[in-house]
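Below: one structure, written as structure tokens.
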Amino acid sequence: MKVIKFGGRSLANGEGIKNTLRIIKEKVADGEVITVVVSARGNATDELESILEKAAKGESYQEDWEVFMDYQQDGFEVDFKEEFLVLEKLFEGVALLGDYSKKIKDQVLAQGEVLSAKLVTQILRNNGIPAHFTDSRLLIKTDAKFGDAQPLDALSRENILNHFKFYNEDTVHIVTGFIASNTQGETTTLGRNGSNYTAALLANYLNAEELQNFTHVDGIFTANPDLVADAQVIRQLSYDEANELANFGANILHAKTIIPLIEKEIPLRILNTFNSIHPGTLISPVSSRKGIKSLSVLEEVALVNLEGRGLLGKAGIDARIFRALGQNNISVSIISQGSSERGIGLVVSARDAETARIAIEREFEADFYTHDVSKVYVVRDVSVISIVGQELATFNKPYNALIRNQIVPVLFNNTVTGKNVSLVVERKHLHKALNVIHGEIFEISKKVNLVVFGHGTVGSTLINQVLAAQADILQRKNIQLQVVAIANSRQLLFDAKGIGSSWFKDIQEKGIEFQSLDTLLSLVDRFHLENLIAVDLTASSTFIEKYISLVQNGFDLVSANKIANTHSYSFYKDLRVALQQSQKSYLYETNVGAGLPLIDTIRLLHHSGENITRIKGVFSGTLSYLFNSFSAEDRPFSEVLKEAVDKGFTEPDPREDLCGNDVGRKLLILARELDLINEFSDVSIHNLIPEHLRQGTAADFLQRLQELDSEFETIKKGQKDGHVLRYVGDLHGNLLDENGAVLDVKLVSVPKESSLGQVKGADSIFEIYTESYGENPIVIQGAGAGAAVTARGVFGDILRLAERNIG
Ligand SMILES: Nc1ncnc2c1ncn2[C@@H]1O[C@H](COP(=O)(O)OP(=O)(O)O)[C@@H](O)[C@H]1O
Ligand SMILES: N[C@@H](CC(=O)OP(=O)(O)O)C(=O)O
């Protein structure tokens, strides 16, 4: 014989009840001997509870009551007069009294299961199946703890065996789950979600070969599938593992369900009424693989904190707390003590929190006077996440992932066996925390969410590069890299599931006004997005003001914008402090030398203790091209410049290149990378624009390029033989002294065969002199400008962060 249990959703009107009846009919047709346990239909239990509450408060409940009756009746030809009358009387009584006891509540809730079992019995009979309505209150006897009654085993077993003796195996018993009665015959209930427990008891008493629990999900998942989209069905669990899960709150299993099954080694199968081909989860003495892990959640909990300096090292404190709580029937799910904090935190069910606080305050009344206890307070809005099967030795991974995502657990605790860890988090963080932990402990692809600011040339190139590489990155690195937002100073396009290749059109059609960073932050929050990276591809000097706020809101930063690193030294420092405090990273490899691996190399050398004595080179691709051509060819400077402008190698106003500020900024960035304290004003820059051409419009300037010729011709002619002109940045001086650096940006004449002299095209070159390398610098050379290489460099930074987020 098998016991088959159907949950509330499986019995809901429409598809639910239809499928349930079909499953029962098929089993009977196949000759299976079954006993069916049913829950209340749909949300009946919650609805009855809410009507009861309204009645007690003197609020009008009539409308809800009508809706309830209509739903239950729903055109079925079953006579519910008796049950409806019972409920009406109860509600009227409660409304009159303005209150109700747990005993009354049990009588009310019980009707949900009675209505349900009656309906299923009737329909089966109408279909020619011999079915018997079995009221479990006549069979399962319990103590008198209304709302959470404990079965009296021997008596219940005897009743059930006697009852079933009278029926042949062709009769299908439709048994009410959840409800029972005490020895006085008063209705009790076994606790919310208790139908599973009823089914397990029945399976035990009747020596069933299997218990099948039909729910509306495919089985037991690695985390609640309503909260974690990536959760996976666990195909097999041992009793112990399932028990742990149930204890830690996976409401798919009532905490006590497993116990009656263990004794007789009855397998429990969790199946889906709405997807009957899925094999579900099998719970039996065997576990399929060692070290099963899963996440469960306790909501509706609160943290009660007891604080005081006198608690430190004092004996008997815990005993007093537990006694005070025990006397009030309050159980503690987690206790955490930090002696240095001089506090004790207790997690209790939310509805008990206030009583717990008062009970503890009373117990410690005398200690308040002696100032040994300073306060007892309740923190509501917390949830407990338990990682079942988590070894403490590897707990650093999920823990770090939480911190990286700005979620700091309020407290955490592990079981003595070291196999389960529970974390208390603020409820507002629950959803994100679960997903972050889940992604970390299962080898499921990690989501990394990009927000791209600026969609000009580099921005759009990057977005397209990311979109083109997504599938490959998922396959090779198991990272789901998605662009969730694209913004410029006016508009914001957002899609939590990832923006696609039509992004440019979508901005025009679906973009919303980008008023402030809060617009974005609230979206990111609403969709619980984790592993966030903000990518600054603007050249804006105002956007950098948002960096610190982004970091504090959980973003790592990647930037091609040089302003943040060349702004005042105090801003530079403040940003680093914010990064440190929030455990976030800021990568900007493309700030100097575009895609060339320059900053990373310098950082590596510097942090490994190698003394860098000088960095010198051609830092600007534009100016490289200009002077390489001018030095090699016999042409006026204006002609070479004009050609560079026409080819788009320069900024639209070439004075932005010629003024040398861009090279100056790069030099400052490198200096600060070496922990040198410098401001932009410390950089001595040879401005290549003659004084009289510095004002006026770009168009004006472009008309007067020839006025540059004579000066550059003189410089070129004045060189030694075999020499060429190069516009260089030079960081030298005493680099061991944080204030000892000299930063020069200048036009120099160098031998043609020197490393600077042989640079061609628009290449950049960087010579890094260090103590160990002596006179022979490390040289990094290559294309140091251009949208494609810059975007690639930015992409590299993004991947580096994405991989770090995983490690
Ligand atoms: N690890 C988990 N696996 C599956 N479901 C879970 C898990 N943790 C929590 N749940 C919740 O349990 C619900 C299914 O149990 P339950 O509500 O008792 O079903 P039913 O009412 O159909 O019997 C799911 O909707 C889900 O919200
Ligand atoms: N109807 C009861 C008992 C129960 O177990 O329901 P379900 O099987 O739908 O979780 C409740 O809602 O608590």
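Just so you know, the averaged projected area of the alpha carbon convex hull for region 635-685 sits at 4.5 nm². The angle between the Cα long axis of helix 195-205 and the main principal axis of the chain comes to about 50°, on a 0 to 90 degree scale.
In the chain, helical runs assigned H by DSSP with n ≥ 4 each contribute -39500 (n - 2.57); averaged across all residues and rounded to the nearest 500, the mean residue ellipticity at 222 nm is -12000 deg cm²/dmol. Across all directions, the average flat footprint of the convex hull enclosing the Cα atoms of region 123-190 is 4.8 nm². Using the average count of surrounding beta-carbon atoms within 10 Å as a protection proxy, the listed peptides 485-498, 212-225 rank, highest first, as 212-225, 485-498. Would you please classify the overall shape of the chain from the alpha carbon gyration tensor, given that a ≥ b ≥ c denote the square roots of the eigenvalues, rounded means a/c under 1.5, and beyond that prolate means a/b larger than b/c while oblate covers the rest? Prolate, since a/c reaches 1.5 and a/b exceeds b/c. Sites listed here are chymotrypsin sites (Phe, Trp or Tyr not before Pro) in region 683-780 whose DSSP assignment is loop and whose Cβ has at most 16 other Cβ atoms within 10 Å: Tyr773. Angle of helix 787-806 to the longest C-alpha principal axis of the chain, folded into 0 to 90 degrees and rounded to 10: 40°. Assign one of three labels to region 563-638, namely rounded, prolate or oblate, based on the Cα gyration tensor with a ≥ b ≥ c the square roots of its eigenvalues; rounded applies when a/c is under 1.5, prolate when it is not and a/b is larger than b/c, and oblate otherwise. Taking the square roots of the gyration eigenvalues as a ≥ b ≥ c, region 563-638 is prolate. Listed values for region 700-705 are Karplus-derived 3J(HN,Hα) couplings in whole Hz (6.51 cos²θ - 1.76 cosθ + 1.60, θ = phi - 60°), namely 4, 4, 4, 6, 10, 4, and x replaces Gly and Pro.
Taking the Cα centre of the chain as the origin and placing charges on Cβ (Lys, Arg +1; Asp, Glu -1), which of Ala783, Tyr727, Thr257 is farthest toward the positive end of the dipole? Sorting the options by dipole projection puts first Thr257. Straight-line reach from Lys145: taking Cα to Cα under 12 Å and skipping same-chain neighbours fewer than 8 places apart, the aspartates and glutamates in range are Asp106, Glu186. Here the dipole of region 598-784 is about 280 debye; that uses its Cα centre as origin and unit charges on the Cβ of Lys and Arg (positive) and Asp and Glu (negative).
My understanding is that a pair violates if its Cα-Cα distance is over 27 Å; which of Lys573/Lys616; Lys2/Lys165; Lys397/Lys497; Lys5/Lys497; Lys397/Lys432 do that in this structure? Listed pairs above 27 Å: Lys5/Lys497. Convex hull of alpha carbon positions in region 723-807: directionally averaged projected area 8.2 nm².
Mind checking the dipole of the chain: about its Cα centre, +1 per Lys or Arg Cβ, -1 per Asp or Glu Cβ, Debye to the nearest 20? Spell out each step's value before the answer.
Values: 82 positive and 105 negative charges, 243 e Å.
Dipole magnitude for the chain comes out near 1160 debye.
Under 19 Å of direct C-alpha separation, and excluding same-chain neighbours fewer than eight residues apart, Lys716 reaches these lysines: Lys642, Lys746, Lys752, Lys760. Structural size metrics of region 295-440, computed from C-alpha coordinates, are Rg and Dmax of 15.8, 49 Å.
Between the listed residues Thr714, Val38, Thr142, the Cα displaced farthest toward the positive end of the dipole of the chain, a dipole computed from Cβ unit charges relative to the Cα centre, is found at Thr142. Each of the peptides 82-93, 613-624 was scored by the mean count of other Cβ atoms within 10 Å over its residues; in descending order, highest first, they stand as 613-624, 82-93. Judged by the mean number of other Cβ atoms found within 10 Å, the most tightly packed of the peptides 570-579, 587-596 leads the ranking 587-596, 570-579.
Of the GluC sites (Glu not before Pro) found in region 320-399, those that fall in a DSSP loop while having at most 16 other beta-carbon atoms within 10 Å are Glu341, Glu391.
The Rg/Rh ratio for region 598-784 is 0.98, where Rg is the radius of gyration of the alpha carbons and Rh is the Kirkwood radius.
Beta bridges per DSSP, both residues in the chain: antiparallel share near 60 percent.
Distance between the 7 Å Cα→Cβ label points at Ser501 and Asn275: 3.0 nm.
Each of Val382, Leu325, Asn435 was scored by the projection of its Cα onto the charge dipole of region 295-440, and the greatest displacement toward the positive side belongs to Asn435; charges sit on the C-beta of Lys, Arg, Asp and Glu.
Just so you know, all these numbers are worked out from the coordinates, no wet-lab data involved. Not measured: the values here are computed from a predicted model. When we count neighbours, we look across all protein chains shown, and the Cβ atoms used for this are built from the backbone with ideal geometry, even at glycine.
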